[in-house]
Amino acid sequence: MHVSFFISVFIFLLGMISPIGALGIEANCKQCHSDNIDFPAFYRSIHGSLGCRSCHEGVSRLELHLRGQDQANTVNCARCHQSVAQKYRRDFHNLKLNMACQDCHQPIHSLAKPRGNAAISLMNSCCQCHPRAYYVLPGHGRALEAGNPDAPSCADCHGLHNIPLFDLSAEKSAALAREVYTKKCISCHGNVKMARRNKFSTQTVKSYYETYHGKVLMAGYPQRVAGCADCHTGHNILPKSNKDAALYPDHLYQACKACHPIMHKRMVKFDAHPNPQDRKRNATIYWANVFMVLLLAGVFLFFWTHCVLWWWRAYLEKYRRGKKIPQVSPMGEKQIERFTVRDRVMHVLLVISFFVLVLTGFPIKYADAPWAKPLLNFWGGPKVAGTFHRGAALLLCALFLYTCWLSLKFLFPKGEKSGWLKRLFGPDSLFPNLKDFKDMAGMFRWFFRGGEMPKFDRWTYWEKFDFMAVFWGMTVIGLSGFILWFPGIFSYLLPGWMINVAMVVHSEEAFLAAIFIFTVHFFNNHLVPTKFPLEKNIFTGRYPVEAMKEERPLEYERMVEAGRLEEMKKEAPGIGAQLFASIFGLGSLILGIILAFLIFWAALF
Amino acid sequence: MSGYQRAIFSFIGMILFCFTPFGEAAHAGVYYITPKTLYWWMEYGEAFTLINTSSYLECLDAKIPKSLCLSCDEREKVKTLVPPKKEAKIVLYDSTREWETFCPLVDELAKQGYRQLYILQGGLPAWKMAGFETESAERIPRIFVPSIKAKDLDGWLKIATLPLLLDIRMEDAFRAGHIEGAMNIPLSLLHRKYPDIPLNRSLVIIDADGTKSLLAASYLSRKGFRDMKRLAGGMVAWEKFRRAR
């Protein structure tokens with residue numbers, strides 16, 4: 001009893017001592033500072049239980065302080081609010097504006113705990129300086145004030161005491177801000193649960209990533225593409241029917257013009273969120289996509305079946321008869337010239353330009369693939385990769401135009417107009433004729449042991465397909481490529497949605513071309529068991545007479561009959577040509593197979 | 001050489017002469033220095049003069065310890081404030097930006113023969129970002145000053161009761177382009193010239209990029225100005241708005 005009584009008295013006295021002390025100091029402070037500080041409000045404030053000297057340290061002798069000689073130290077909020085202070089060191093307001101805690105937390109001596117919704121209080125605080133009309137009234141701010149708990153306040157996007165200063169250079173800062181804020185938008189607008197609650201579609205995000213803007217940003221290069229805020233602006237988010245909305249056509253035109261200075265107004269019809277599966281919203285894109293998918297399916301179904309059956313039949317044939325088409329003739333024996341120097345140079349240039357196009361284009365097509373960014377880095381980023389892509393495309397166009405010129409010269413030699421139809425469907429032409437369809441049927445019969453392998457002339461039907469496909473492919477991929485290269489200029493001729501169509505067509509046709517070359521073309525010409533691993537005559541230009549008899553017996557007979565065989569015979573390729581053919585040919589083959597693997601990996605997983 | 005060839009060579013020579021960067025000569029001997037290097041110079045007692053080239057108010061507000069306050073347009077003070085030894089190392093920095101592009105001080109120092117001029121990369125923000133301390137001789141408490149978008153200012157300028165547009169950029173920048181009717185008092189002279197501003201007018205304070213107007217407005221509020229707004233994003237935002245229009 002006695003002990004507890006004394007303890008109670010001790011605790012009571014201890015409790016009394018501190019407030020008395022504090023009040024004593026404050027009583028002194030009040031005498032001079034009550035003009036500036038509302039002391040009753042301070043006692044009610046969040047810091048009211050602390051004495052003045054808790055923050056205003058350093059006054060040791062009152063008489064000196066009264067004479068202005070013993071000033072208090074600068075208030076250091078970090079003494080108590082360490083984690084906030086730590087974050088605030090890198091905050092924009094600190095770094096650029098030198099703002100201190102009390103500049104936002106005003107008035108500092110009567111701070112109260114926020115009442116009601118803290119997010120709304122914060123927003124109101126920010127809007128003391130940042131115009132409310134822009135940041136709060138439309139879009140997110142309005143939804144927050146209406147009580148939507150999903151709606152973000154200022155801090156949800158910008159951070160609270162860690163508002164980033166992305167970079168000290170304005171240009172880098174803009175690019176980094178674009179990347180960060182686009183990802184912020186996507187973190188909510190790509191969230192399925194939030195989308196369901198707030199009745200918006202996550203397709204918006206998916207479809208953004210299908211555009212050039214989205215793909216390049218996804219690959220980690222936000223410098224030269226549009227992020228969410230470039231079109232929607234950061235805050236003024238209203239339905240596009242509203243004249244103040246960023247998406248209102250006039251405003252959108254200005255937004256596009258910021259990066260595409262030469263453009264027609266109709267370019268705003270470009271759909272930045274296209275959905276090729278949505279027939280109602282994007283009918284033309286939908287049908288373009290359907291056409292390309294059917295084309296791809298048809299081509300690959302036919303030719304992959306053809307390859308598999310051929311491999312199976314040739315494999316059996318090879319092991320039954322132990323036969324391989326001879327690639328090398330005995331020393332000193334002359335060989336047949338199949339390709340001229342011009343043809344070979346054109347093919348080498350074609351190979352180079354094709355690989356450059358694939359190596360620079362596919363990292364954008366599959367920007368989310370793990371190999372995309374390293375590959376773009378290899379080129380020095382998407383801008384440099386784009387320059388190489390366009391350069392290679394121009395080279396390919398030049399080769400294509402030259403091929404067209406050579407085709408015309410073949411049909412009309414020395415301006416001779418008569419007999420062009422005969423030449424077109426003749427045995428030296430690469431244009432398909434009736435025999436090719438018969439050969440194709442014959443080949444399938446041979447696959448299933450229903451007959452002998454057809455006898456071919458100078459060009460087989462699959463070689464003719466390769467050649468003719470270039471005319472389709474170059475037209476489609478070339479035209480769509482130019483539209484994507486100069487969208488602004490083409491907007492004077494075409495509606496904006498044609499850019500979306502061009503994107504679908506260019507992308508799918510590129511896939512068709514690359515995979516066709518790396519699988520079907522490689523198999524037909526190099527990987528088929530009778531020629532494995534490499535048929536070099538496209539690089540050396542010549543092949544043995546025995547190979548000609550085996551592969552193209554009709555041409556051989558025709559040449560013998562016409563007495564032209566001897567004039568086709570040339571010296572066998574030298575060691576240099578052989579070495580070049582092996583290194584360049586095998587290198588291209590291996591690179592193509594690796595690329596095919598990477599493309600399938602990205603497309604399937 | 002024929003007359004035709006001579007004409008071509010003369011033309012090429014003329015073009016090359018036009019593009020010869022003679023202006024660079026004034027900046028010979030100007031180097032960049034990182035905050036970390038500056039910090040080590042300070043730690044190891046390297047002899048150098050540190051100059052904050054921002055305005056007097058900004059320099060009072062926050063600076064790297066031991067900095068001199070000598071704003072870009074105070075060329076005349078170079079002789080009195082900067083040590084006379086031409087071999088002396090001089091480090092210059094801005095309070096809010098990477099570097100003030102219109103800073104005649106560098107030209108002046110170079111003209112007077114100083115050969116070891118350094119510019120602090122990233123200015124004071126980079127120094128702070130690196131986590132190094134700053135000091136404040138007399139901090140100006142900030143007040144809440146609403147900002148106004150360029151579009152709204154444009155609309156506002158069309159109504160009868162015009163606000164006074166106070167452009168606080170340096171004279172060179174002001175001369176290069178400004179909003180019509182704006183009054184120019186550079187931030188570096190604001191503490192001396194604020195009495196020239198009429199108290200009865202509402203003010204719109206305009207700076208280069210929106211980072212200096214808050215300080216100016218906060219300072220002016222201590223001098224009795226009440227109805228103030230800031231142009232959000234400064235002249236950069238204004239020019240962007242005009243181009244879009």
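Some values worked out for this structure:
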| item | result |
| --- | --- |
| For segment A:77-181, convex hull volume per residue from C-alpha positions, Å³ | 125 |
| Taking segment A:86-167 and dividing mean pair separation by its residue count, relative contact order in percent (alpha carbons under 8 Å, at least six apart) | 42 |
| Phi to ³J(HN,Hα) by Karplus 6.51 cos²θ - 1.76 cosθ + 1.60 over segment A:407-415, Hz, x for Gly, Pro | 5, 5, 5, 5, 6, 10, x, 6, x |
| Averaged over A:167-179, number of beta-carbon atoms from partner chains that fall within 10 Å | 1 |
| Using a Förster distance of 30 Å, the FRET efficiency for A:Lys417-A:Ser582 (Cβ separation, nearest 0.05) | 0.10 |
| Amide H contacts under 5 Å for A:Gly381, placed H, 5+ residues apart | none |
| Table column - 3J(HN,Hα) (Hz), segment A:338-351, Karplus curve with 6.51, -1.76, 1.60, x for Gly and Pro | 9, 10, 6, 4, 4, 4, 5, 4, 4, 5, 4, 4, 4, 4 |
| Interchain or long-range residues, amide H under 5 Å from B:Asp167's placed H | B:Met183, B:Asn184, B:Ile185, B:Ile206 |
| Area buried, chain B against chain A - accessible surface, total, 1.4 angstrom probe, square angstrom | 2400 |
| Partners for B:Lys223 among aspartates and glutamates (Cα-Cα distance below 20 Å; same-chain residues under 8 apart left out) | A:Asp35, A:Asp103, B:Glu58, B:Asp61, B:Glu138, B:Asp167, B:Asp196, B:Asp207 |
| Partner aspartates and glutamates for A:Lys455 [C-alpha distance under 14 Å; skip if fewer than 8 residues away on the same chain] | A:Asp436, A:Asp439, A:Glu550, A:Glu551, A:Glu555, A:Glu557 |
| Shielding by partners, peptide B:138-144 (average Cβ within 10 angstrom, other chains) | 5 |
| Eligible lysines near A:Lys414 by straight Cα distance, threshold 20 Å, same-chain separation 8 or greater | A:Lys422 |
| Amide H partners (placed H, <5 Å) of B:Leu92, local residues excluded | B:Ile51, B:Tyr118, B:Ile119, B:Leu120 |
| Of the GluC sites (Glu not before Pro) in segment B:87-188, those whose Cβ has at most 10 other Cβ within 10 Å and which sit in DSSP loop | B:Glu87, B:Glu133, B:Glu138, B:Glu180 |
| Efficiency of FRET between A:Arg142 and B:Asp154 - r from beta-carbon atoms, R0 25 angstrom, step 0.05 | 0.50 |
| Centre separation in Å (Cα based) which lies between segment B:167-196 and segment A:275-315 | 67 |
| Percent of beta bridges antiparallel (DSSP, the protein assembly as shown, rounded to nearest 5) | 20 |
| Where only C-alpha atoms are counted, convex hull volume of chain B per residue in Å³ | 188 |
| Chain A: relative contact order in percent, alpha carbon pairs under 8 Å with at least 6 residues between | 14 |
| Formal net charge of residues neighbouring A:Asn191 (Cβ-Cβ distance under 11 Å; K, R +1; D, E -1) | +2 |
| Unit Cα scatterers, Debye sum, the protein assembly as shown: log10 I(q)/I(0) for q = 0.06 Å⁻¹ | -0.64 |
| Packing-based order for A:393-399, A:352-358, using average beta carbon neighbours within 10 Å, highest first | A:352-358, A:393-399 |
| Peptides ranked, highest mean first, by Cβ atoms within 10 Å: ranges B:41-47, A:221-227 | A:221-227, B:41-47 |
| Average beta carbon contacts from partner chains per residue of A:88-98, 10 Å cutoff | 6 |
| For segment A:200-216, Karplus couplings with θ = phi - 60° (6.51, -1.76, 1.60), whole Hz, Gly/Pro x | 10, 9, 6, 4, 3, 6, 4, 6, 4, 6, 8, 8, 4, 4, x, 5, 5 |
| Percent accessible area from carbon and sulfur atoms, chain A, protein chains only, probe 1.4 Å | 65 |
| Extended-chain gain in nm, criterion 0.36 nm per residue less alpha-carbon gap, A:Phe378 and A:Leu394 | 3.6 nm |
| Highest to lowest packing among B:210-222, A:248-260, scored as the average C-beta count within 10 Å | B:210-222, A:248-260 |
| Cα gyration tensor shape of segment A:404-534, rounded if a/c is under 1.5, else prolate or oblate by comparing a/b with b/c | oblate |
| Proximal charge balance of A:Leu494 [Cβ under 11 Å; K/R count +1, D/E count -1] | +2 |
| Å² per residue, accessible surface of the protein assembly as shown at 1.4 Å | 55 |
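The values are calculated or read from the model by the stated rules, or taken from the named source; none is laboratory data. This is a predicted model, so every value here is computed, not measured. As a convention, Cβ positions derive from the backbone with ideal geometry for all residues, glycine included, and neighbour counts pool all protein chains shown. Areas reflect the complete protein model, heavy atoms only, side chains present, ligands, DNA and RNA absent. Shrake-Rupley method; radii C 1.70, N 1.55, O 1.52, S 1.80 Å.
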